[in-house]
């Protein structure tokens, strides 16, 4: 156990045992500890965090000195490193699931003696387990933003299709029915924006979902460390990544009947907003943007399609969690703040402010009345992610993997092997 963990365990052994704050519905500070000054950093909008913190303060004025500072996403890493080095960093910072590997050495982890794995798994959705480490819990899940499918009801009705697809195999039929081309094979209306990368919004997350649905974790942690698994073979002769890549690139091949997309097309979100794309794969957080940018667009939201033999629903989720900074000056206050922020009362308010589903299994067991929330709730339960060594670099790796196949530079197996090797190099 590290020095930080010994201090942490000593300070909180008493009030963690009496509180079991995970399952409390009250937002009050029941530990009797004075919170003191606590600074929280993150990249999400200030109104979101200040709204939740204000609610805590109204119930208990001990939270009055908790302040949130929004930082620029592009500069966050550098700012955090410099701040911790100069002893001027935050007590808490929001840790995306894509930053776990990069920032785990900047965190004071929560020992399992104080917060058991059983309690963690019982309370949080499965994707939160990415924050479990050998030394303890790196951060407590706070926000999840699942990938969903938006579909144009008017285009589906025109093609005499009643419902959105449940399975990926349905896309081979839908692509023929929904895609419209002129006499020169120029695409006028597209069924789906698969096959390219730079003009496909959330392309990396879409392809990641296809791979994760096969049971391949992309990156995993074992006794020997962190490893890439893109070229691992499971039940069959072909790697799941090859199958996912083959399916994804099929729709940009002009020789195929399902040809629906090419690199000359506009950005997929723009095409959907213009009414020229039947299905758009975006995050739950994009719902309000789509409504505002085209109030006349007749669309709905549905679960992400799955493979036919898949027993469990899987989608990609962007997650943010609350981590105690290595430079924290008020460990007791910081812990009390993060455990209060993940209580059900705070998560209910967070859902009302953001429209995003809660990370609590207790809350997700409830039936929402809003039809959009019904989809978001179920998608949150099935959200997954992977231990991304560097979000920007892996984006480039996935881009090259797709484009090398589409251009004919590499065959599927070679493209996957190259991507896996690059991913391994990043991890090192």
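The values are calculated or read from the model by the stated rules, or taken from the named source; none is laboratory data. Predicted model, so just to flag it, every value in this text is computed and none were measured. Note that we place each Cβ from the backbone using ideal geometry, even for glycine, and neighbour counts take in every protein chain shown.
Filtering 211, 173, 226 for residues that are under 21 Å from residue 417 (Cα atoms) and in a helix (DSSP H, G or I) leaves a single hit, 211.
Of the residues making up segment 286-330, those that are assigned to a helix (DSSP H, G or I) and surrounded by fewer than 16 Cβ atoms within 10 Å (Cβ to Cβ) are 288, 289, 291, 292, 293. Restricting 402, 362 to those that are part of a helix (DSSP H, G or I), touching a residue at least 40 places away in the same chain (Cβ under 8 Å) and surrounded by 19 or more Cβ atoms within 10 Å (Cβ to Cβ) reduces the list to 402.
For segment 163-177, filtering for residues that are in contact with a strand residue (DSSP E or B) (Cβ under 6 Å, 6 or more places away or on another chain) and either free of Cβ contacts under 8 Å to residues at least 60 places away in the same chain or under 18 Å from residue 298 (Cα atoms) (or both) leaves 1. When segment 72-86 is filtered for residues that are farther than 21 Å from residue 393 by Cβ and surrounded by 10 or more Cβ atoms within 10 Å (Cβ to Cβ), the ones remaining, listed by number, are 82, 83, 84, 85. I need the full set of residues from segment 382-399 which are touching a residue at least 40 places away in the same chain (Cβ under 8 Å) and crowded, with 19+ Cβ neighbours inside 10 Å, in order please. Within segment 382-399, 382, 383, 384, 385, 386, 387, 388, 389, 394, 398 qualify. Each residue in segment 131-162 was checked for being within 23 Å of residue 317 (Cβ to Cβ), part of a strand (DSSP E or B) and in contact with a strand residue (DSSP E or B) (Cβ under 9 Å, 6 or more places away or on another chain), and 15 pass.
As for segment 405-421, it holds at least one residue that is part of a helix (DSSP H, G or I), in contact with a strand residue (DSSP E or B) (Cβ under 6 Å, 6 or more places away or on another chain) and within 27 Å of residue 226 (Cα to Cα).
The numbered conditions (1) buried (at least 17 other Cβ atoms within 10 Å of the Cβ); (2) outside the structural domain of residue 374 (by TED's automatic domain parsing) are all true for residue 162 except (1).
Annotation note: of 54, 121, the sole residue that is part of a helix (DSSP H, G or I) and more than 30 Å from residue 305 (Cβ to Cβ) is 54.
Listed conditions (1) closer than 19 Å to residue 98 by Cα; (2) assigned to a helix (DSSP H, G or I) are all met by residue 353, apart from (1). Within segment 173-222, the set of residues being within 30 Å of residue 132 (Cα to Cα) and over 19 Å from the mean Cα position of the chain (by Cα) comprises 222 only.
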